[in-house]
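S.K.: The structure's right below; bear with me while I get my questions together.
The values are calculated or read from the model by the stated rules, or taken from the named source; none is laboratory data. Please read all numbers here as calculations on a predicted model, not as lab measurements. Cβ coordinates were reconstructed from backbone atoms using ideal geometry, including for glycine residues, and neighbour counts include every protein chain displayed.
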Amino acid sequence: MTMQSVVRSLQVLEAVAAHQPVGVAELSRRLELPKSTVQRGLLTLAEAGWLEPAGQPEGEPTRWALGPAARRLARGHDREINLREAALGPMQALRDETNETIHLAVSDGLSWVVLVERMDSTQAVRTFNELGTRTPMHATSTGLSMLAHYPAGRVDAVIAEGLATYSPTTIDDPDELRAELRRIRKRGYAINLRSYRPQVAAVGAAILDRAGEPVAGLCISMPDSRYQRRLVPHWGELVRKAATDIAGRLV
């Protein structure tokens, strides 16, 4: 497929989303494209699951609507918006309680998490990650907290992809990782002490849906100079309660 045909297919997809259910003639008029070009775009998108014929009386021209692939994408976008809206209040309360940076991350592919929201510490020295930053699941507290609640098959798949070593404290041994995941499930939170980034520590907990499946990870992130082992249980309880609060706000 050429770049021009890709662009035209995307134009067709956007037009259907805006005017569904809609037929070829109307799309051709709105896009100022030949009917044959529009029809090719519709069939290509339908084959990939982005569009599907809308219900119409027998004998009438086919009208088109968004297909299952587009609906899945929309639901995922809506879930992320709902998650962020549900998380903002508890994240701010957690930041105010600790005056450390609070991160909210969701899974990104099999073995990564991506930062989708952040509440910054007001202290001069603080940790910082840009929104959209991807980090390895097995080397971060948000990722580990989520991984601890995934089925064993998902954990095995992450291990099969390889446990890269980022620092002397990264868990890169499969048996050690499985043992740590058991500990995380028991205590309710995960610990990252310079496991991925130097001089960064974090304590994180998973946000679980009603079925007990992880939908996100929440963490308190701090410079390792402010990490105090004696405070870890306190931080762990704070982040676990905040994660539970967020889960209760999800619809």
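S.K.: Of the residues 163, 144, which single one is crowded, with 17+ Cβ neighbours inside 10 Å and under 20 Å from the mean Cα position of the chain (by Cα)? So that I can check it myself, show each step before the final result.
M.R.: Working: 163 fails: under 20 Å from the mean Cα position of the chain (by Cα).
So the residue among 163, 144 that is crowded, with 17+ Cβ neighbours inside 10 Å and under 20 Å from the mean Cα position of the chain (by Cα) is 144.
S.K.: Output yes when any residue across the range 159-177 is within 27 Å of residue 84 (Cβ to Cβ) and of a type in the set (Phe, Trp, Tyr), and no when none is.
M.R.: Our first condition is that a residue be within 27 Å of residue 84 (Cβ to Cβ); within the range 159-177, this holds for none.
No: zero hits.
S.K.: Suppose we filter the range 109-134 for residues that are out of contact with any helix residue (DSSP H, G or I) (no Cβ under 6 Å at 6 or more places or on another chain) and among the acidic types (Asp, Glu); how many remain?
M.R.: 2
S.K.: Run down 142, 122, 101 and say which single residue is free of Cβ contacts under 8 Å to residues at least 24 places away in the same chain, at negative phi and among the polar types (S, T, N, Q). Lay out the reasoning, then the answer.
M.R.: On the way: 142 fails: free of Cβ contacts under 8 Å to residues at least 24 places away in the same chain; 101 fails: free of Cβ contacts under 8 Å to residues at least 24 places away in the same chain.
Exactly one residue qualifies, and that residue is 122.
S.K.: Any idea which of (1) closer than 21 Å to residue 92 by Cα; (2) surrounded by 15 or more Cβ atoms within 10 Å (Cβ to Cβ) is the one residue 234 doesn't satisfy?
M.R.: The number of the failed condition is (2).
S.K.: Mind listing just one residue for me: the one in the range 185-210 that is under 15 Å from residue 244 (Cβ atoms) and surrounded by fewer than 23 Cβ atoms within 10 Å (Cβ to Cβ) and, of those, modelled with the lowest pLDDT?
M.R.: Out of the qualifying residues, it is 210.
S.K.: Every residue in the range 147-160 that is surrounded by fewer than 23 Cβ atoms within 10 Å (Cβ to Cβ) and not in a loop (DSSP other than H, G, I, E, B), please.
M.R.: 152, 153, 154, 155, 156, 157, 158, 159, 160
S.K.: Checking residue 116 against (1) at pLDDT 95 or above; (2) under 22 Å from residue 238 (Cβ atoms): exactly one of these is not met. Which one?
M.R.: Of everything listed in (1) at pLDDT 95 or above; (2) under 22 Å from residue 238 (Cβ atoms), residue 116 misses just condition (1).
S.K.: So if I check each of 167, 111, which one is of a type in the set (S, T, N, Q), farther than 23 Å from residue 238 by Cα and in contact (Cβ under 8 Å) with a residue 40 or more places away in the chain? If you could, list the steps in order and put the result at the bottom.
M.R.: Values: 167 fails: in contact (Cβ under 8 Å) with a residue 40 or more places away in the chain.
Testing whether each residue is of a type in the set (S, T, N, Q), farther than 23 Å from residue 238 by Cα and in contact (Cβ under 8 Å) with a residue 40 or more places away in the chain leaves just 111.
S.K.: Here is a follow-up. Among the residues of the range 99-116, write down those that are surrounded by fewer than 21 Cβ atoms within 10 Å (Cβ to Cβ) and within 22 Å of residue 225 (Cα to Cα).
M.R.: 99
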